[in-house]
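Below is one structure, written out as structure tokens; the observations come after it.
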Amino acid sequence: MAYTDSMDNNTAPVSMSEALGQSEAFLNFQDQISRVAPIDRPVLILGERGTGKELASARLHFLSRRWQKPFVTLNCAALTATLIESELFGYEKGAFTGAGTRRIGRFEQADGGTLFLDEIGNIPMEVQEKILRVVEYGRFERVGAVNPVHTDVRIVGAANVDLAQMVRAGLFKQDLLDRLSFEVIYVPPLRVRNGDVMLLANHFAGRIAFELGFDQVPEFGKKAAHDLEAHGWPGNVRELKNVVERAVYKTNGPVITRIDFSPFSSPFDPLPGPGTSSIEQVENRTAALSADGKSIRDTEKRLGTHEEAVLTLAELSGLPLKKAVFALERFRLSQALTAARFNQKEAAANLGISYDQLRGLKKKHGM
């Protein structure tokens with residue numbers, strides 16, 4: 001099941017191309033959306049980060065009778081408490097310092113359509129009261145206004161926190177939770193979607209391969225596929241997408257043999273602490289190598305396995321010339337690719353070599 005990207009006049013594009021799955025958990029979740037979408041009542045979507053709560057809200061909208069009207073979104077976690085009210089309800093000219101003109105809020109923008117409130121648990125209590133009045137009476141006042149504004153909006157809220165616990169802690173209004181919970185939809189995490197990991201992985205691999213201009217889409221080797229399916233995916237589909245895209249652009253050949261779950265694999269801290277210079281880091285690392293009994297043979301072994309490493313001058317000076325040139329060549333190649341954001345033609349130009357020579361070097365170093 002796939003969806004094309006869609007966009008309305010009031011919001012940024014909502015990409016629905018990642019709503020893919022064939023597992024029982026995913027299909028049951030999609031069926032729940034389909035059943036409640038035509039019923040013009042508020043819906044609450046709960047799920048872990050990266051599971052696709054906004055995608056679910058967009059599907060609710062486009063399967064409803066409001067599908068031709070605006071689909072407006074607001075990430076409540078991205079705004080301060082003082083800004084949320086004016087973003088939702090708008091304000092009149094002169095309502096506060098800097099309010100030079102009237103501005104309509106998200107409720108007016110979404111009139112006749114759907115308003116998606118992401119991270120709804122971040123909304124302050126006083127604003128929750130105003131939202132409750134909109135749900136119950138269909139009207140509100142702009143900040144600094146006296147006359148009410150009428151609106152017809154379906155609210156879809158989303159959260160990755162326990163809203164019931166927030167009610168018990170006095171941080172969320174019970175009345176608002178009751179009104180928003182005509183139906184509660186739980187988005188299944190990726191770890192319970194049996195069989196969906198490789199379906200999504202191949203989809204993301206195909207997209208990034210096309211973007212990078214690859215002649216063919218790399219396939220996942222047996223170990224790479226096993227590692228993907230065995231991972232816990234705390235970041236869910238968003239994390240999977242990042243991991244797969246990183247694996248595709250790092251591969252050099254038709255088969256992906258290695259999965260890097262974290263980009264933070266540099267041997268040095270890229271943000272050294274106060275008082276620690278890059279030179280000191282190099283000196284400390286060289287000293288640590290000596291203290292640990294590391295030898296030139298250990299360094300040669302690392303080079304032979306193509307392990308990502310930045311060698312110090314001390315290490316290079318202890319190597320045979322051929323191996324030192326190999327290490328420096330690999331370092332400059334990695335540096336140029338990173339600086340060019342993995343645009344191979346640009347990296348080749350920066351190194352003063354041809355595109356074919358760069359591809360040859362990549363193959364030589366297993367990058």
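Each reported figure results from applying straightforward, stated rules to the coordinates on display, with no laboratory input. What you are looking at is a predicted structure, and each value in this text was computed from that prediction instead of being measured. Backbone-built Cβ (ideal geometry, glycine too); neighbour counts: all protein chains shown.
Exposure proxy ranking for 23, 354, 57, based on other Cβ atoms within 10 angstrom of each Cβ and starting from the fewest, stands as 354, 23, 57. Note on 143, 153: ascending count of other Cβ atoms within 10 Å places them as 143, 153, the fewest first. Averaging over all projection directions, the Cα-based convex hull of region 14-138 occupies 8.7 nm² in the image plane. Here residue 198 and residue 130 are evaluated by their C-beta separation; at R0 = 45 Å the FRET efficiency comes out at 0.45. With Cα atoms as the point set, region 191-256 shows a radius of gyration and Dmax of 11.3, 34 Å. Past 26 Å, Cα to Cα: identify those pairs from 222/345; 322/362; 93/173; 223/323; 93/130, in the order given. Distance filter (> 26 Å) returns 222/345; 93/173; 223/323. The separation of region 187-209 from region 82-123, counted between C-alpha centres, amounts to 36 Å.
Annotation: amide H of residue 141 within the under-5 Å range of 149, sequence separation 5 or more or interchain, hydrogens built in the peptide plane.
Note on region 148-273: semi-axes of the ellipsoid equivalent to its C-alpha gyration tensor, largest first and rounded to whole Å, are 39, 19, 16.
With neighbour counts taken as other beta-carbon atoms within 10 Å, the residues 20, 60 rank, fewest first, as 20, 60. The stretch between residue 210 and residue 67, if pulled fully straight at 0.36 nm per residue, gains 48.4 nm over its current Cα-Cα span. Put simply, the amide H of residue 219, placed in the peptide plane, has neighbours under 5 Å in 255, 256, leaving out anything fewer than 5 places away on its chain.
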